[in-house]
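See structure below.
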Amino acid sequence: MYAIELDGVTRVYQKYSARHRFQTFKSALVKGDLFRSLKPDELVTALDDISLQVEKGMTFGVIGENGSGKSTLLKIIAGIAKPTSGRLKVEGKISALIELGAGFHPEISGRENVFINGIMLGLSKKEITQKFDEIVGFAELEEFIDAPVKTYSSGMYMRLGFSIAINVNPEILLIDEVLSVGDAAFVPKCLDRIDDFRRRRKTILFVSHDLTTVAKICDKVAWLKDGKIRMIGEPKRIVDAYLQDVTEKQEEDFQERKVQPVQAEAPAAEPLPEPAPKPAAEDEKREQRWGKREIEIRKVTLKSLGGEEKHVFHPEEGMVIEMDVAAHKPLKDFVFGIGIFNSQGISCYGTNTNLEDFEPLSISGAGKVTCRIERLSLINGTYYLDVAAHKRDGYSYDYHRNLYSFLVSSMLKDVGIARLPHAWNFTPKIKFKLPGK
Amino acid sequence: MVRLIKNLRELYRYRVLIQNLVSRELKARYRGSVLGFLWSFFNPLLLMVVYTIVFGFIINSRDPAFNSSPWLYALYLFSGVLPWVWFSSSSIESANVLMTHGNLIKKILFPAEILPVVTLTSNLIHFSFGLPILFIFLFIFGKYLTIYVLFLPLVVLVQFIFSLGFGFLLSSLTVHFRDIKDILGNLLTFWFFATPIVYPLSFESVQKSGVLRTMLNLNPMTHIIGGYHDCLFYGRMIRWRSLGITLIVSLVLFTIGYAVFDRLRDSFPEEV
């Protein structure tokens, strides 16, 4: 038994050019092209031939990047927007948490708004009277319910909106990102309510960017991409595939960004006129390179432990920093170092051959220096990499400051600077449902 | 046509919502003002005073139609201005109503046609608050109400259908052409004077010019306002023929207005 059935649903939006947007009735009349000008210049397909079934009692997640058509899909199911073509069948009363408190009138009291909003959402006056205390209680607005809604804070506004919508007692609940605006105390309460819905075998359609919650509460997930269903199925699998795709895209972005500075640096084969680092200027300018390049770092590559070039890493993954170096004359005093900084400029880790008591003997000609990090153990975020070749007393041969960056990306939301390797253990009386099960 | 009837039935289903939205409009309108609802009485009263001073004493229009009495003239004016204000303010509000309530159309499943209905109805209630004031003044100046006042609801109904058709047309077209708001303001001023409100149809210059008479007769508001004059000011039988034809015209306008509204309906969530 399906609660929601979509069959080849397509939604095309009309896009007007800038010229058209300023077209007015007058000019339309003057030019006599009133009807012609109502035709769009371009069509944008927000949803392209979507077919899916949501079984009754299922919690169905929809994920995807911004602009992938998630909200359009929800609006079509809610009946707010109409499909351009295709068939839609919805069975049961729908309540849509798309924008909370959308129908509130600021001048009148919360009490009156509860009634009007409730009626808009399909409740009868009697039902609202019965549920009134529950609605107000859930929103924790007992004291303020007779004050005009314009005096409410945005949190109060949202709580009241959520409380009404959830008390409509729908058979199908559509949720679009609304939980992202609640405060730390209210969100768990909302999630509790949603859980309660699931237990009562109501159908929920959940659109969110919060992949952890999606993977946790959904029975089935669809991944939308460019208005099409890219994948549909078991939540963990879909979320992982989606993450993989996002990672690949980030990787591409990094590749593109990376090309620029390297190209700019490339012609500087001769020693730069300004050798010594200036500490003051160093702070101002994040990306820098200095040194006379007696030893030149010609290329820096980030690789996986397997030797594949990449820029987006999982925290549990390892990384190989590979430097192509060349000594323009034989030298006996040299140190190679690396430093990893997070986006706030905090040093996460730094080391060099000297600190680790490697005694330099000789270098001549071209060669490779690699630093193999078995496990990154960093938290999510963007990191910048310094690499350097210098003398033991600090004189720089070639110092690259913040010229390279990489991304650490995972679903985990732990905090801090580093992800210390750890494991949780509990005695038998402390029980948990393990993640991902 | 079948769709129209089906949608109208749908509209009836939403009567509780309409009722609540109308009362919300009325409450919100005077929220925060000291006199509150009393303004619904004071506004027409003050309007009546202004018209009496200007047209009765300053311009001193002593048409024989009013026994050369400025007070009677003022009453004539007032019995026409009151329904006109209902018409013009609902038209102006209708032109904006989809935009001001854009949130409802965009964010929740909401039958948009309710909005012009709510606008028209809440203005109807304001209009009806003005009626007792009119009745009192009619009484004071010896224009006692007659049995024909019973036809008033009929005239109101014709105006309601006419204004609603106009409201549907305005509200849906303004979504695409915002200029209508400005055009409308000027159109209404012209329309006001093209309707026998400040002058009677029996005015000499009107009667003499056949073209002018035809023009006035082609204006549906002429017959609607005429209906108010008949059953309130003159205390005589309404003119069935002219009002009957106006009713048919109103129904046609309503059908066209609704058809346009229905046709453009799907574009509202994107355009408002």
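A compact table of results
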quantity	calculated
Filter result for B:G165 (of a type in the set (G, A, S), within 19 Å of the chain's Cα centre (by Cα) and farther than 14 Å from B:N96 by Cβ)	yes
Residue match in region A:70-84 (condition: at the interface with another protein chain (Cβ under 9 Å from one of its Cβ atoms), open to solvent by less than 50 Å² (accessible area, probe 1.4 Å) and over 18 Å from A:L52 (Cβ atoms))	yes
Selection count where residues are within 14 Å of chain A (Cβ to nearest Cβ) and open to solvent by less than 80 Å² (accessible area, probe 1.4 Å), scope region B:1-20	6
Which listed residue, of B:S89, B:S79, B:S33, B:S23, is polar (S, T, N, Q), under 27 Å from B:G167 (Cβ atoms), in contact (Cβ under 8 Å) with a residue 60 or more places away in the chain and open to solvent by less than 70 Å² (accessible area, probe 1.4 Å)	B:S79
Members of region B:156-179 found to be within 14 Å of chain A (Cβ to nearest Cβ), open to solvent by less than 20 Å² (accessible area, probe 1.4 Å) and of a type outside the set (S, T, N, Q), listed by number	B:L170, B:V175, B:F177
Selection status of A:I166, facing another protein chain (nearest Cβ under 10 Å), within 23 Å of A:D192 (Cβ to Cβ) and touching a strand residue (DSSP E or B) at 6+ places or on another chain (Cβ under 8 Å)	no
Spans of helices (runs of 4 or more DSSP H) in region A:51-158 with at least 3 residues over 29 Å from A:Q14 (Cβ atoms)	A:110-120, A:125-139
Listing of helices (runs of 4 or more DSSP H) fully contained in region B:170-272 that carry 2 or more residues being in contact (Cβ under 8 Å) with a residue 24 or more places away in the chain	B:180-193, B:220-228, B:240-264, B:268-271
Considering residues of region B:234-258 that are crowded, with 17+ Cβ neighbours inside 10 Å and within 30 Å of B:K106 (Cβ to Cβ) only, the residue farthest from the other protein chains (Cβ to nearest Cβ)	B:F254
Filtered residues of region B:38-59 (kept if open to solvent by 20 Å² or more (accessible area, probe 1.4 Å) and either within 14 Å of chain A (Cβ to nearest Cβ) or in contact (Cβ under 8 Å) with a residue 60 or more places away in the chain (or both))	B:F41, B:N43, B:L45, B:F55
Residue satisfying all of: in region B:92-114; open to solvent by 10 Å² or more (accessible area, probe 1.4 Å) and more than 14 Å from chain A (Cβ to nearest Cβ); farthest from B:R13 (Cα to Cα) among these	B:I92
Options B:L212, B:L187, B:L201; residue that is at pLDDT below 90, closer than 25 Å to B:L47 by Cα, open to solvent by 40 Å² or more (accessible area, probe 1.4 Å) and of a type in the set (A, V, I, L, M, F, W, C)	B:L201
Check on A:L412, surrounded by fewer than 19 Cβ atoms within 10 Å (Cβ to Cβ) and either assigned to a strand (DSSP E or B) or more than 21 Å from the chain's Cα centre (by Cα) (or both)	no
Among the residues listed as B:S242, B:S267, the single one being farther than 30 Å from B:I147 by Cβ and among the polar types (S, T, N, Q)	B:S267
In region A:92-143, residue farthest from the other protein chains (Cβ to nearest Cβ) [restricted to those that are among the β-branched types (V, I, T), without any contact (Cβ under 8 Å) to a residue 40 or more places away in the chain and under 30 Å from A:Y2 (Cα atoms)]	A:I135
Verdict on B:P153 being free of Cβ contacts under 8 Å to residues at least 60 places away in the same chain and more than 14 Å from chain A (Cβ to nearest Cβ)	yes
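The values are calculated or read from the model by the stated rules, or taken from the named source; none is laboratory data. These numbers were taken from a predicted model, which means no experiment stands behind them. Neighbour counts are summed over all protein chains in view; Cβ atoms, including those assigned to glycine, are modelled from backbone coordinates with ideal geometry. Side chains are part of the model used for accessible areas, which takes the heavy atoms of the whole protein and leaves out ligands, DNA and RNA. Shrake-Rupley method; radii C 1.70, N 1.55, O 1.52, S 1.80 Å.
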